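Q: Please read through the structure below; I'll follow up with questions.
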Amino acid sequence: MLPETPLASIESRLRYLLPAEKYASMWGNPSVDVMVDVHNHLRTLQRILHDYTSRQINVSMLKPGDVKTEWQHGAMIFTDLVGFTKLMEANAAKGREGAANILAELTKYFSAMISIVGKSGGELVEFTGDALFIVFAKRQDSADAVKRAIRAGLRMQRAMQAFSAPQSDPNAVALKMRIGVHYGRFLTAEIGTPRRMEHVLLGKDVQKAKLTESHGRNERVNVSQAAYEQVKDDFRFEDGDSDYHLAIDDFSAEDLGDYEIIPTGRRMASAVLLNKMDKTEVLRQINGLLDSIEPLASYIPEPILSTLIESAADRKIRPDFINPTVVFINFVGLPEAADRALPGEERKLAVNFSKAFSLINAIVEARGGILKKVTYHLSGSDIVVYFGAVNAHTDDELRAADAALAIRKAVEEIAAKAPTIGGVRPEIYCQIGINMGPAFAAEVGEPRGRREFNVLGDTVNTAARLMNQARRNQIVISESVQRAVESNYECVSLGEVALKGKSRLMNLFELKAKKAKEE
C-alpha cells in the first residue's frame, strides 16, 4: 500500500487518471514538486475532458441507478459532409503524410463550423462521424431559436466555399454540406452508471431533425414545416421536398455577419497559482480537480480516456489509418416512447433505457470493444461500437460477432420485461450491422476547443447501411466479415443487395449463431 503521505488518501481516485510514469512517481514520500506535477496534469486533463463533452451534460455526481431527465424546446440542426470518402481515398496510400493531410482539412472544416455555431448562440451536442448535431435552445421564444439556427446554417454554407476544389487542381477534393433545421421538443437524459455515462436526446422531434437533413440538398439549408411556420415572414424560401422549405440566402455580408453572440454552457474556473511550499493547499486543489474530472471522465469510453490521459502532455492524439470492425446497433422502442410518456413517466423510461445501455456497454467492454456513443436515427437510437480502434486485437471480427449475438439476446430479454409507457408497452427490438475495413481515426474538431476522438470513412458508413438493411433482431454482415468469422459462426447468404452510396451490389450475410464445438 501507499505509505501515509498527502496523496495516500486519494490514491484510488488518482490511479485511473494519471499516466503510468506519473502514477509511479507518487510512491514513497512525494515531494511538493511531484504533487504540483500531478496537479498540473489533472488541470490539463480537466481542460481536455471539458472540450470532449457537450455543455448540455449535467455533470452532477450521479449515484448508481440515478437518472436525470428534462424536457427542452429548441431548434435542432443536423449536418452531413459530402466528399469525405473521396478525401480519404485520395490520401490513404500516402501513409502518415496522408493522415496528416486529412486531419488538416477536417480541422479547418470543423474549426470554422464550430466557431460559427458558438458565435450564433448554438451548442454542438455531438460529432456523428463527419456530421454535426447542434441545438439552439429556446431562450426568448420559438421563433428566436429558429432564426438563430437558420442564420447559423446560412453562415456555415457560406464558409463551405473555402472547401470547394480549385479548377486548377484536378486532384483536389471538393467538400460540400447538407443542413437540416427543425424545431420541437426533446427529452434529455443522463443514462448509464458512474463508470460509463451517456447523454441522450429522446423523442420524435430529434428524428424529424435528422429527416430534415436527409431531405435536404447540398449547399442549402433545408427547413422543416414546424420550423418554417415559426419564421416564414422573416426569411425567403423556395419549396424543397414535400413539407420542406429551402432558405434563400439573400442577406448582405454585413447583415449575416452580425452574430448573435450569446454565452453558452459552463465555464471553467481560472487557474490557481500554487504555493509550492504548502502541501495542504496543493492537496486541496487536487481534490477539487478530481471532483470536477470524475463526472466528465465517465462520459468517455475507458480505452479513449486512457489514451487522453497518456497523451495529455501533448494534448493531441496522432491521426492514423486503421482497420477496425464496426458494429452499428439500432435500438428501437424505448427512444420513441418519450413522446407517449405521461407526466412523471419520463424517469421510468430513462431508467429502463439506462439499464439497456449499461448492459450493452458491459457486453462490448467484456469483449474488448468500445461503445463510442448513442446517436440518433430515423427510428430508435443508433449505438456505435468499434473493435480494433485504440485497442486492436488479432480476432476483433470474432469479438464483434460474439458481442452482436449477446446484444441481440439482451435486447430480447429487455423486450420481454418492457415497461408500460403512456398506457402502451413498447415493441423493443434491435437491428445490427457489422462491417470491417480501412478507416481514418483521429481527434476531430478544434485543436484547443470542442473535439472528439472519432473513426470515419466508408467502412463506418457501410456498417450503418447494413444495420438499416437488417430486419427485427437480425444481424447483417458484409462478405469480408463473413469470411473472417465463418469458421466459428453460422452465416446465411442474403444474396447481392443494392446499398445507398454503393455503385455495385454487395454480397450480404446474416449472422445466425455460434457454431457448436466439435467433440
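Q: If you go through segment 148-162 one residue at a time, how many are surrounded by fewer than 21 Cβ atoms within 10 Å (Cβ to Cβ) and closer than 11 Å to TYR183 by Cβ?
A: 0
Q: Restricting attention to segment 19-32, does a residue exist that is of a type in the set (Gly, Ala, Ser), outside any loop (DSSP other than H, G, I, E, B), at pLDDT below 85 and surrounded by fewer than 21 Cβ atoms within 10 Å (Cβ to Cβ)? Reasoning before the result, please.
A: As a first pass, look at segment 19-32 and keep what is of a type in the set (Gly, Ala, Ser): 20, 24-25, 28, 31.
Then keep just the ones that are outside any loop (DSSP other than H, G, I, E, B); that gives 20, 24-25.
Narrowing the set further to residues that are at pLDDT below 85 leaves 25.
So of that shortlist, the ones also surrounded by fewer than 21 Cβ atoms within 10 Å (Cβ to Cβ) come out as 25.
Yes: one or more hits.
Q: Follow-up. Working only within segment 120-156, note down all residues that are part of a loop (DSSP other than H, G, I, E, B) and either of a type in the set (Phe, Trp, Tyr) or out of contact with any strand residue (DSSP E or B) (no Cβ under 7 Å at 6 or more places or on another chain) (or both).
A: Scanning segment 120-156 gives SER120, ARG139, GLN140, ASP141.
Q: Now a separate question. Considering only residues that are in a helix (DSSP H, G or I), touching a helix residue (DSSP H, G or I) at 6+ places or on another chain (Cβ under 9 Å), modelled with pLDDT under 90 and not aliphatic (A, V, I, L, M), which ones fall in segment 264-291? Steps first, please.
A: At the first step, the residues of segment 264-291 found to be in a helix (DSSP H, G or I) are 279-291.
Add one more test, that the residue is touching a helix residue (DSSP H, G or I) at 6+ places or on another chain (Cβ under 9 Å), and what stays is 279, 282-283, 285-287, 289-290.
In the following step, the residues that additionally are modelled with pLDDT under 90 were identified as 279, 282-283.
Within segment 264-291, LYS279 is the sole residue that qualifies.
Q: Same structure, new question: Report yes if some residue within segment 361-368 is more than 16 Å from the chain's Cα centre (by Cα), buried (at least 17 other Cβ atoms within 10 Å of the Cβ) and either outside any helix (DSSP H, G or I) or not assigned by TED's automatic domain parsing to the domain that holds ARG450 (or both); otherwise report no.
A: Within segment 361-368 (the criterion being more than 16 Å from the chain's Cα centre (by Cα), buried (at least 17 other Cβ atoms within 10 Å of the Cβ) and either outside any helix (DSSP H, G or I) or not assigned by TED's automatic domain parsing to the domain that holds ARG450 (or both)), the answer is yes, since at least one residue qualifies.
Q: For segment 402-519, which strands (runs of 3 or more DSSP E) that fit wholly inside it have 1 or more residues that are within 27 Å of PHE127 (Cα to Cα), in contact (Cβ under 8 Å) with a residue 40 or more places away in the chain and in the same structural domain as VAL384 (by TED's automatic domain parsing)?
A: So the answer is 429-436, 439-445, 451-456, 474-478.
Q: To continue, here is another question. Any residue at all in segment 422-432 that is under 29 Å from SER311 (Cβ atoms), crowded, with 23+ Cβ neighbours inside 10 Å and modelled with pLDDT of 95 or more?
A: Within segment 422-432, none of the residues are under 29 Å from SER311 (Cβ atoms), crowded, with 23+ Cβ neighbours inside 10 Å and modelled with pLDDT of 95 or more.
Q: Being in contact (Cβ under 8 Å) with a residue 60 or more places away in the chain and part of a loop (DSSP other than H, G, I, E, B) is the filter here; which residues of segment 171-215 pass it?
A: ASN171, VAL173, ALA174, LEU175, PRO194, ARG195, GLY203
Q: Does LYS409 satisfy the criteria of being modelled with pLDDT under 95 and of a type outside the set (S, T, N, Q)?
A: no
Q: To continue, here is another question. Among the numbered criteria (1) on the phi < 0 side of the Ramachandran plot; (2) buried (at least 21 other Cβ atoms within 10 Å of the Cβ), which single criterion is violated by GLY445?
A: (1)
Q: Can you spot a residue in segment 292-301 that is more than 27 Å from PHE186 (Cα to Cα), modelled with pLDDT of 90 or more, not hydrophobic (A, V, I, L, M, F, W, C) and not in a helix (DSSP H, G or I)?
A: Checking segment 292-301: not a single residue is more than 27 Å from PHE186 (Cα to Cα), modelled with pLDDT of 90 or more, not hydrophobic (A, V, I, L, M, F, W, C) and not in a helix (DSSP H, G or I).
Q: Here's something else I'd like to know. What about LEU349, is it in a loop (DSSP other than H, G, I, E, B), assigned by TED's automatic domain parsing to the domain that holds VAL476 and either crowded, with 22+ Cβ neighbours inside 10 Å or aliphatic (A, V, I, L, M) (or both)? Working first, answer last.
A: On the way: in a loop (DSSP other than H, G, I, E, B): no; assigned by TED's automatic domain parsing to the domain that holds VAL476: yes; either crowded, with 22+ Cβ neighbours inside 10 Å or aliphatic (A, V, I, L, M) (or both): yes.
When the stated conditions are applied, LEU349 does not pass them.
Q: Mind checking which pairs have a first residue in segment 29-57 that is among the hydroxyl-bearing types (Ser, Thr, Tyr) and a second that is modelled with pLDDT of 90 or more and assigned to a helix (DSSP H, G or I), Cβ under 9 Å, 6 or more apart or different chains?
A: Once the first residue is among the hydroxyl-bearing types (Ser, Thr, Tyr) and sits in segment 29-57, its partners that are modelled with pLDDT of 90 or more and assigned to a helix (DSSP H, G or I) give TYR52/LEU296; TYR52/ILE304; TYR52/LEU308; THR53/LEU296.
Q: Out of LEU494, LEU511, report the one residue that is under 18 Å from LEU398 (Cα atoms), surrounded by 15 or more Cβ atoms within 10 Å (Cβ to Cβ) and either of a type in the set (S, T, N, Q) or modelled with pLDDT of 95 or more (or both).
A: Result: LEU511 is the single residue among LEU494, LEU511 that is under 18 Å from LEU398 (Cα atoms), surrounded by 15 or more Cβ atoms within 10 Å (Cβ to Cβ) and either of a type in the set (S, T, N, Q) or modelled with pLDDT of 95 or more (or both).
The values are calculated or read from the model by the stated rules, or taken from the named source; none is laboratory data. Because the structure is a prediction, the values reported are computed rather than measured. With ideal geometry, Cβ positions are generated from the backbone for all residues, glycine too; neighbour counts draw on all protein chains shown.
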